[in-house]
Structures are given as C-alpha cells and as structure tokens.
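**Student:** I'd like to ask you about the structure that follows.
The values are calculated or read from the model by the stated rules, or taken from the named source; none is laboratory data. It should be emphasised that the depicted structure is a prediction, and the values quoted were computed from it without experimental measurement. Backbone-built Cβ (ideal geometry, glycine too); neighbour counts: all protein chains shown.
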C-alpha cells in the first residue's frame, strides 16, 4: 500500500508538504480515516505518503480532475479535519496542485 | 532545509516515489552529492524529500521548465547515479512530471 497506480495522463496531483507539531493529538486516527474517506470520492486515483523521523512529511493524492479535487476539499468531514490540522497538527505546510503530464516506472523482478 | 520555496506559477515538479533495497550500498552519500549537484543546475527551484521507516520514500524536485528537467536528466554524473540506482538501490520506483498550477502555505506564528 505504498505506490499509487500510474493512470492515463493527464491527471492531477495534490502535493502536501508538512511539518507536524509535537505529540499525536488524534492525528494518526484522523489521517487513517481521511485516507479511507478520500478513496470513496469520485475521481480519486491514489495516495502516497512518507514521513521522516524529523517530522517532515510529504503526502500526495492523485485525482482525475480539478473538479474532483474541489469536491474533496469541500467534503464536510475533510473540512473539519483540515481545520483541526491548521489549529493543532501542523506547524507549517504547503499545498501544490499540479497536472501530471508524463510518468514511468521501474520494478525489479529479481528481489534477491 | 525541508520545505522548498513557492515560486511563481507555473513551474514543474518531478515526483519520485521509491522503495529502497536493503542496505546503504553508497546510497546516502550519493543522494547528498546529487542534491548538491542538482542545486547548481539552471532552472532548479528546490527539493523536498521524506522517507518512512518501511523504506518507502518520496522525493520531489522543482524546476522552471521542461528543458531544465531534461538537462538535469542528461547531466553525466546524474546519469551514472541513476544507473546505479536502477541496478542496486531501488526495488521499485515511479517518476511523474507535473506542471504546478497553484500553491499556498500555512505557517503558525505561535510555536508554543
């Protein structure tokens, strides 16, 4: 559950970079809930995230269209989570919306 | 040195998602070298990365233009590093090139 699929281009990426505040404060549970909820939204294509030990993390969600991104942004439970995020979970974040224009992948067959 | 600046749009993001093989095998030193080298390239705008304890990582470099991305892709030392990466460091990776169309940020003043 790490790599998102590579859909037909073009599609959209929402790149979220964030530094967390200290302590969990309900973050992990809510992050799981939001990841599940996002996957039920029309136009959702996938999600990837990684967080380093120093608290800096990247999370990227992939969407079919700008409209799908707007729908998710305004989904009521997600709006509430974003408010808590701004107030409690994040010290600093940036959001970038980008149109994916090409992609490729490499996977080894020999895992040895 | 975590957040990249938010330049004037539009600009480009190269989103690299990867799962590492086990062991360092010279990876960390080369990653540092490549990060420094990329920053000297024309059109370079910034770099962000995070790696989770499970070995899945995201690295995003930002560039002024498609031409800047192509120049970096074909830079000789970088080409050599990419070959080693395919052969030794990565079990699986995906690359997406995306045009950043909008962005915003939040930063708390009160760190308490």
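**Student:** Considering only the stretch A:20-56, how many residues are touching a strand residue (DSSP E or B) at 6+ places or on another chain (Cβ under 7 Å) and within 22 Å of residue B:19 (Cα to Cα)?
**Tutor:** 11
**Student:** Another question about this same structure. Only one of (1) modelled with pLDDT of 95 or more; (2) over 15 Å from residue A:15 (Cα atoms); (3) within 10 Å of another protein chain (Cβ to nearest Cβ) is not met by residue A:110, so which one is it?
**Tutor:** (1)
**Student:** Could you grab the pairs with beta carbons closer than 8 Å, sequence gap of 6+ or different chains, first residue in the stretch B:24-40 and in contact (Cβ under 8 Å) with a residue 60 or more places away in the chain, second one outside any helix (DSSP H, G or I) and surrounded by 12 or more Cβ atoms within 10 Å (Cβ to Cβ)?
**Tutor:** Close Cβ pairs (under 8 Å, with a partner that is outside any helix (DSSP H, G or I) and surrounded by 12 or more Cβ atoms within 10 Å (Cβ to Cβ)) amount to B:27/B:20.
**Student:** Being in contact with a strand residue (DSSP E or B) (Cβ under 7 Å, 6 or more places away or on another chain), more than 19 Å from residue B:59 (Cα to Cα) and without any contact (Cβ under 8 Å) to a residue 60 or more places away in the chain is the filter; apply it to the stretch A:73-109 and report the residue that is surrounded by the fewest Cβ atoms within 10 Å (Cβ to Cβ). Break it down stepwise before answering.
**Tutor:** Initial filter on the stretch A:73-109 (in contact with a strand residue (DSSP E or B) (Cβ under 7 Å, 6 or more places away or on another chain)): A:86, A:89-108.
Those left that are additionally more than 19 Å from residue B:59 (Cα to Cα): A:86, A:89-91, A:108.
Subsequent filtering for residues that are without any contact (Cβ under 8 Å) to a residue 60 or more places away in the chain retains A:86, A:108.
Working: A:86: 12, A:108: 15.
Only one residue tops the list, namely A:86.
**Student:** Give the residue, chosen from B:74, B:78, that is more than 11 Å from chain A (Cβ to nearest Cβ), touching a helix residue (DSSP H, G or I) at 6+ places or on another chain (Cβ under 8 Å), farther than 19 Å from residue A:16 by Cα and at pLDDT 95 or above.
**Tutor:** On the way: B:74 fails: touching a helix residue (DSSP H, G or I) at 6+ places or on another chain (Cβ under 8 Å).
Going through B:74, B:78 in turn, the sole match is B:78.
**Student:** In the stretch A:12-30, how many residues are assigned to a helix (DSSP H, G or I) and buried (at least 17 other Cβ atoms within 10 Å of the Cβ)? Write out each step before concluding.
**Tutor:** Initial filter on the stretch A:12-30 (assigned to a helix (DSSP H, G or I)): A:27-30.
Remaining after also requiring buried (at least 17 other Cβ atoms within 10 Å of the Cβ): A:27, A:30.
Residues flagged as assigned to a helix (DSSP H, G or I) and buried (at least 17 other Cβ atoms within 10 Å of the Cβ) within the stretch A:12-30 amount to 2.
**Student:** Is it true that residue A:61 is part of a strand (DSSP E or B), touching a residue at least 60 places away in the same chain (Cβ under 8 Å) and either farther than 20 Å from residue B:48 by Cβ or more than 11 Å from chain B (Cβ to nearest Cβ) (or both)?
**Tutor:** Working: part of a strand (DSSP E or B): yes; touching a residue at least 60 places away in the same chain (Cβ under 8 Å): no; either farther than 20 Å from residue B:48 by Cβ or more than 11 Å from chain B (Cβ to nearest Cβ) (or both): yes.
Answer is no for this residue.
**Student:** Report whether or not residue A:15 is in contact with a strand residue (DSSP E or B) (Cβ under 9 Å, 6 or more places away or on another chain) and farther than 21 Å from residue B:108 by Cα. Spell out the reasoning first.
**Tutor:** Numbers: in contact with a strand residue (DSSP E or B) (Cβ under 9 Å, 6 or more places away or on another chain): yes; farther than 21 Å from residue B:108 by Cα: no.
In short, no.
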